[in-house]
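Below is one structure, written out as C-alpha cells; comments come after it.
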Amino acid sequence: MTPKEAWESIKADLIDYADLIDNGNYSTDEDIKVIDELVAKAEPMKVKKVDFGLGHFEKLCPVCGEYQGFENDVRKSFEYPYCANCGQAIDWSDEK
C-alpha cells in the first residue's frame, strides 16, 4: 500500500468520525488539507528538463521550479531525492 492509498483510507474514516463528533470546537478540514499536501509531495515527480542548447540541460523541480541540477555532454550533477526548496520528492528514474 502506498502512502497515498493509506491516507485516502484514513481520510474517509476521519471525515466520517468528524461528522459524528461535530461539536463546533474542532475542524478536520485544515488537518486534511495539510496532510493532503504532504502526501502529494511524497509522490515522486519527474524533473522538468530545460534545454539550453549545445547539449546543456538544466533540471527544475516540477512543483516550484527550483534548480535541481544539470547535465551536459561531459558530466551531470548529483541527483537529490527531494527538492531542497519545497520538499517535493523527485523521480530520477528516466535520468540515469
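Data overview
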| read-out | value |
| --- | --- |
| Condition met for residue 55 (at pLDDT below 75, exposed (fewer than 15 other Cβ atoms within 10 Å of the Cβ) and of a type in the set (Gly, Ala, Ser)) | no |
| Some residue of the range 80-95 being acidic (Asp, Glu) and modelled with pLDDT under 85 | yes |
| Residue match in the range 60-67 (condition: among the β-branched types (Val, Ile, Thr) and under 20 Å from the mean Cα position of the chain (by Cα)) | yes |
| Among (1) over 26 Å from residue 5 (Cα atoms); (2) not in a strand (DSSP E or B) - the single one residue 62 does not satisfy | (1) |
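The values are calculated or read from the model by the stated rules, or taken from the named source; none is laboratory data. Bear in mind that the values here come from a model prediction, so they are computed numbers and not experimental data. Don't worry about glycine lacking a Cβ; one is built from the backbone with ideal geometry, like all the others, and counts go over all protein chains shown.
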